[in-house]
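This report concerns only the one structure given below.
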Amino acid sequence: MILPNEFTARTPLDRVTERGYRKGGKAQIAAKKVSARILDADHARNFLDCVRSRKRPSCDIEFGHRATTAPLIANIAHRTKSYLEWDARAEKFTNNEAANKLLSYEYRKPYKLS
């Protein structure tokens with residue numbers, strides 16, 4: 001919820017302006033509840049239908065890859081405690097080799113990436 005006086009100028013010298021912070025304000029934007037839920041069975045049915053029809057599924061591998069890239073980069077940045085620069089074409093970090101090592105891992109036997 002965003003209130004009219006949400007982002008006031010803050011200063012440690014004058015607390016008078018902060019006494020009224022968020023008091024009695026009416027929301028300018030309210031959160032909207034969404035009741036729709038996508039079930040795993042729906043994804044499985046869509047996938048099987050697309051195997052049969054050769055159509056593209058509603059959530060294909062490209063979409064999944066793009067949707068998870070940003071959170072994975074954030075996790076690596078948090079783990080390495082560093083600011084990372086990402087090259088989207090090469091899908092590698094340009095400024096941290098240690099972070100690049102976290103982009104993949106060694107598979108357990110007998111599996112391997114070829």
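When Phe47, Phe93 are compared by accessible area at a 1.4 angstrom probe, the order from most to least is Phe47, Phe93.
Rounded to the nearest 0.05, what FRET efficiency do Lys55 and Ala30 give with R0 = 30 Å and r taken as the Cβ-Cβ distance? Could you check? That pair, Lys55 with Ala30, gives E of 0.20.
The values are calculated or read from the model by the stated rules, or taken from the named source; none is laboratory data. Only a predicted model underlies this, so the values are computations on that prediction, with no experimental measurement involved. No Cβ is skipped: glycine too gets one built from the backbone with ideal geometry, and neighbour counts run over all protein chains shown. Only protein heavy atoms, including side chains, enter the accessible area calculation; ligands, DNA and RNA are left aside. Shrake-Rupley method; radii C 1.70, N 1.55, O 1.52, S 1.80 Å.
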